Amino acid sequence: MRADVVIVGSGAGGAASAWALTRAGLRVLLLEAGPRFDPARDYPLDTPDWERRPFPAPEGSRARIRYGDLGTLDPGDATLQGWSAAAGRAPLPDRRGPSRTGYAHVLGVGGSTLHYVGEAHRLHPESFTLARDHGAGADWPLSYADLEPFYAQAEALIGVAGPVEAGARWRSSPYPLPAHPLSPAARRLAEAGEGLGLPFEANARAALSQPWDDRPACNYCGQCSRGCPIGDKGSADVTFLRHAEATGNLTLIPEARVTRIEVARTGEVAAVRYHHAGATHRQETPVLILAAGAVQTPRLLLASHGPDLPEGVANGSGQVGRNFMETLSWHATALLPGLADSHKGLPADAVCWAENAPGAVPGAVGGCRYTSAVQEIGLTGPAAYATRLLPGFGTEFKAQLRAAFGGAITVGATGAVIPDARSRVTLSDEERDSDGVPLPVIHSVLTDNSLAMLHHMARTARRLLRAAGAETLAEEYGSWDAFTATHVFGTARMGADSATAVTDPWGRSFDHPNLWIADASVFPGSGGGEGPSLTIAALALRQAGRIAR
């Protein structure tokens with residue numbers, strides 16, 4: 001087929017690009033490696049075994065990923081070791097723990113927004129100048145002011161619900177929808193935070209607090225990460241892609257796995273090759289947008305090497321795959337006497353931004369944030385309590401479970417990661433996927449700065465739980481002894497200098513004028529713990545306007 005633009009990947013960036021470009025009248029071909037999910041079929045949260053059903057993983061919806069250098073564990077940091085009251089504490093030789101290890105992602109129409117919790121955050125304005133102000137990491141080649149109109153545009157289409165007060169993230173317009181009410185656990189955490197100078201507020205959420213854009217309001221089932229069966233969560237399939245398809249200008253092909261980018265002698269991208277329905281296809285394109293994520297985008301660029309491009313496509317700087325940043329996280333849970341119904345409500349409904357600015361954490365560069373995370377980490381049913389929070393068995397155990405259920409309170413913390421030369425994405429020398437493309441290998445090492453951030457987040461989470469009335473903890477885990485990234489960034493960073501960056505400030509390749517990148521690969525920094533999907537969408541909308549012009 002003829003297309004004005006080919007987009008690879010249908011997550012937050014690819015979907016936002018498709019929406020903006022089809023509205024501008026361009027013919028867009030969107031190639032998605034994974035399947036199209038059917039909420040009614042794939043997210044059966046009304047069945048008796050709902051708690052045993054995580055987000056579905058049909059064939060082709062997860063990419064094979066390998067892990068390289070994840071660092072070593074220093075016993076001096078053992079207070080960061082994961083444990084639970086039910087399972088105990090098992091010594092681990094490295095960050096490849098027996099559970100929870102890996103990059104959490106989804107291949108499918110909508111990408112990882114299908115299983116994300118739905119936080120809709122703007123980056124802190126000071127995160128854009130981290131290197132200038134703190135001498136670490138890299139600055140963004142654009143400002144918060146440059147991105148602000150596109151944040152507002154994305155929020156309006158998604159239907160973001162948020163608080164009246166903007167705080168450090170100044171706004172040109174209010175949130176489209178009013179904030180959600182706080183759950184029982186969030187209210188207790190907010191009370192504790194006030195006394196510690198760590199105020200909590202309603203979190204900005206891509207979940208509807210009232211009907212919006214022909215979608216229903218949230219029913220507060222608390223299962224956002226298992227897939228939303230009613231469509232109130234603002235995943236890319238029911239927002240950007242639904243409207244893009246309605247224009248008639250979008251052709252979306254699921255289960256189309258792009259294997260190679262072809263570059264002409266002129267230096268422009270000529271075509272992509274992809275596998276679909278048992279055949280190999282070659283698609284020519286005047287414009288190519290990569291939006292496959294910060295692991296698969298560099299993988300495709302590196303794997304498309306050839307005699308004229310021995311280091312891969314768009315890699316004249318040598319920075320493709322470099323500057324990988326993982327999600328730095330910590331979760332601490334207690335069973336709180338007198339707390340009831342903590343399993344009810346919206347995940348991550350309350351957030352504390354007090355330490356989110358880049359200089360707000362003592363002894364570390366970068367910021368962090370805290371949330372009420374009971375639902376987010378799956379403590380919404382009795383099976384989770386029985387396998388994680390309570391030891392024992394038999395009649396006495398059942399009585400304890402009945403008494404304890406609904407009393408869990410969790411502090412979740414997410415912090416900044418500063419890029420490090422050891423952390424990167426490379427190609428495997430030994431393993432290939434079914435299409436013959438080398439598997440990506442993630443190398444991610446915790447720096448001294450990351451360790452300082454983790455220790456601070458753990459101490460603060462424990463302080464908050466004690467202030468809430470918790471006497472003993474029931475579970476803790478984090479990034480120290482298990483690589484558990486839900487968001488990854490930086491492997492094709494944007495910048496002002498082609499010698500140190502892969503793209504310009506618009507996400508356009510310095511090497512190939514018709515190649516653009518619209519995912520978290522272009523992030524020069526990870527921010528201070530914010531969820532990245534809204535920033536990915538805003539960058540894509542800004543970029544799409546440039547392409548259309």
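Where a number appears in this text, it was derived from the coordinates with a stated rule and is not lab data. Please read these numbers as outputs of a predicted model, since none were measured by experiment. Every residue, glycine as well, gets a Cβ built from its backbone with ideal geometry; the counts of neighbours run over all protein chains shown.
List the GluC sites (Glu not before Pro) in the stretch 393-501 that DSSP assigns to loop (not H, G, I, E or B) and whose Cβ has at most 14 other Cβ atoms within 10 Å. Which are they?
Loop-located and lightly packed - Glu471.
Going by alpha carbons, how many degrees (0 to 90, nearest 10) lie between the helix axis of 12-23 and the longest principal axis of the chain?
50 degrees
Write down the percent of antiparallel bridges among all DSSP beta bridges whose residues are both part of the chain, to the nearest 5.
70 percent
For the stretch 427-521, report the translational diffusion coefficient in µm²/s to the nearest whole number, using Stokes-Einstein at 37 °C, 0.692 mPa s, and a Kirkwood Rh over Cα pairs.
My calculation gives 188 µm²/s for D.
With a bin width of 5 angstrom, please list the P(r) values of the stretch 469-549 as percents of all Cα-Cα pairs, from the 0 bin to the one holding the largest distance.
Values per bin, smallest distances first: 3, 13, 20, 19, 13, 10, 7, 5, 4, 3, 2, 1, 0.
With the Cα gyration tensor of the stretch 11-62 in hand, give its eigenvalues times 5 under a square root as the equivalent ellipsoid semi-axes, listed largest first in whole angstrom.
Three semi-axes, in Å: 31, 12, 9.
Pick out, in residue order, every one of the GluC sites (Glu not before Pro) in the stretch 1-78 that is DSSP loop and has at most 12 other C-beta atoms within 10 Å; say none if there are none.
Here the GluC sites (Glu not before Pro) that fit, given the DSSP loop and packing criteria, are Glu59.
Each residue of the stretch 358-367 in order: what ³J(HN,Hα) in whole Hz does its phi give by Karplus 6.51 cos²θ - 1.76 cosθ + 1.60, θ = phi - 60°, with x for Gly and Pro?
x, x, 8, 9, x, x, 8, 8, x, x
Sort 111-119, 196-204, 258-266 for me by packing, meaning the mean count of neighbouring Cβ atoms within 10 Å per residue, highest on top.
111-119, 196-204, 258-266
Using square roots of five times the C-alpha gyration tensor eigenvalues, list the equivalent-ellipsoid semi-axes of the chain in whole Å, biggest first.
37, 25, 23
Taking θ = phi - 60°, what integer Hz values does the Karplus form 6.51 cos²θ - 1.76 cosθ + 1.60 yield along the stretch 58-63, in sequence order, with x for Gly and Pro?
For the stretch 58-63, the Karplus curve yields x, 4, x, 9, 9, 7 Hz.
What percentages, rounded to whole numbers, describe P(r) for the stretch 161-232 computed over all alpha carbon pairs with 10 Å bin width beginning at zero?
With a bin width of 10 Å, the distribution comes to 17, 42, 33, 8, 0.
In whole Hz and in residue order, list the ³J(HN,Hα) couplings for the stretch 439-453 that follow from phi through the Karplus curve 6.51 cos²θ - 1.76 cosθ + 1.60, θ = phi - 60°; x for Gly and Pro.
5, x, 10, 9, 10, 8, 10, 6, 7, 4, 5, 5, 5, 4, 5
How long are the three semi-axes of the equivalent ellipsoid of the stretch 66-165, in whole Å, if each is the root of 5 times an eigenvalue of the C-alpha gyration tensor, listed from largest down?
With the √(5λ) rule applied to the stretch 66-165, the semi-axes are 35, 22, 15 Å.
Return the long-range amide H neighbours of Tyr67 (sequence gap of 5 or more, or a different chain), with a cut-off of under 5 Å between placed amide H atoms.
For Tyr67, the qualifying residues are Ile442.
For the stretch 270-349, what's the radius of gyration and Dmax over Cα atoms, in angstrom?
So, for the stretch 270-349, Rg and Dmax equal 22.1, 68 Å respectively.
Which value, in debye to the nearest 20, gives the size of the charge dipole of the chain about its Cα centre, when Lys and Arg are +1 and Asp and Glu are -1 at the Cβ?
With Lys and Arg at +1 and Asp and Glu at -1, about 480 debye.
Efficiency by 1/(1 + (r/R0)^6): what FRET value for Arg23 and Asp77, r their Cβ-Cβ distance, R0 = 45 Å, to the nearest 0.05?
The formula returns an efficiency of 0.35 here.
Give me the distance between the Cα centres of the stretch 172-203 and the stretch 382-433, rounded to whole Å.
24 Å
Find which of Gly316, Trp330, Gly293 sits farthest along the positive direction of the dipole of the stretch 288-412, computed with +1 on the beta-carbon of Lys and Arg, -1 on that of Asp and Glu, about the Cα centre.
My answer, from the dipole projection, is Trp330.
Helix 394-404 versus the longest principal axis of the chain: what angle, 0 to 90°, nearest 10, using Cα atoms?
Once rounded, the angle reads 80 degrees.
Applying 1/(1 + (r/R0)^6) with R0 = 56 Å to the Cβ-Cβ distance of Ala246 and Thr395, what FRET efficiency is obtained, to the nearest 0.05?
So the FRET efficiency works out to roughly 0.45.
Relative to the first principal axis of the alpha-carbon coordinates of the chain, what is the inclination of helix 293-303, with its axis defined by its Cα atoms, in degrees from 0 to 90 and to the nearest 10?
The two axes meet at around 40 degrees.
Evaluate the stretch 45-94: find the radius of gyration of its Cα atoms, find its Kirkwood radius, and give the ratio Rg to Rh.
1.13
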